[in-house]
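Accompanying notes for the structure given below.
We did not get these values from a lab; they are worked out from the coordinates using the rules stated. Please read all numbers here as calculations on a predicted model, not as lab measurements. Using ideal geometry, Cβ is built from the backbone for each residue, glycine included, and neighbour counts are taken over all protein chains shown.
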Amino acid sequence: MEFDVNQAFGGTRWTWGSECDFDQTHAWNIWDPLNEVWRPTSVPCNHFPSNTWIHLIWMLERVGNQVHYVSLDVADTKYDVDTYYTAQPEWYQEEIDIAFQMDGNYEQQPYKVWLDEVTLNGS
């Protein structure tokens, strides 16, 4: 499962991407926008229980030309991530958005996810 936040203006794009790799590494990966690669974290991510709501909260911030992954709360357990990556330069669109996508494994085995009450709060 992948969760993303994007903000772009003034020629720079800040992307905070995260994916729960419950199939191979059983950890959360985060996006390094300058190098366009996924980076592993030490935050565990295993299959979530079926028919159960799991509350996720990412704390993120933009710091100059960097994205800062502050922390991730999963089902009331808080994990400090505290990782910075450089934003993507030379971006010509202006946007702010949030996105969710269901990534498949190599066999594209089907699975179901219900997503509800997605919010983006800023200050």
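Within segment 16-26, the set of residues being buried (at least 17 other Cβ atoms within 10 Å of the Cβ) and either within 20 Å of G64 (Cβ to Cβ) or of a type outside the set (S, T, Y) (or both) comprises W16, G17, E19, C20, D21, F22. Against the conditions (1) assigned to a loop (DSSP other than H, G, I, E, B); (2) farther than 19 Å from L120 by Cα, I54 satisfies every one except (2). Residues that are surrounded by fewer than 17 Cβ atoms within 10 Å (Cβ to Cβ), out of contact with any Gly (no Cβ under 7 Å at 6 or more places or on another chain), under 29 Å from Q109 (Cα atoms) and aliphatic (A, V, I, L, M) do occur in segment 29-44.
Somewhere in segment 23-42, is a residue free of Cβ contacts under 8 Å to residues at least 12 places away in the same chain, in contact with a strand residue (DSSP E or B) (Cβ under 9 Å, 6 or more places away or on another chain) and not in a loop (DSSP other than H, G, I, E, B)? Scanning segment 23-42, I find at least one residue that is free of Cβ contacts under 8 Å to residues at least 12 places away in the same chain, in contact with a strand residue (DSSP E or B) (Cβ under 9 Å, 6 or more places away or on another chain) and not in a loop (DSSP other than H, G, I, E, B), so the answer is yes. Taken together, the residues in segment 5-22 that are in contact (Cβ under 8 Å) with a residue 24 or more places away in the chain, in a strand (DSSP E or B), farther than 19 Å from Y111 by Cβ and not basic (K, R) amount to 9.
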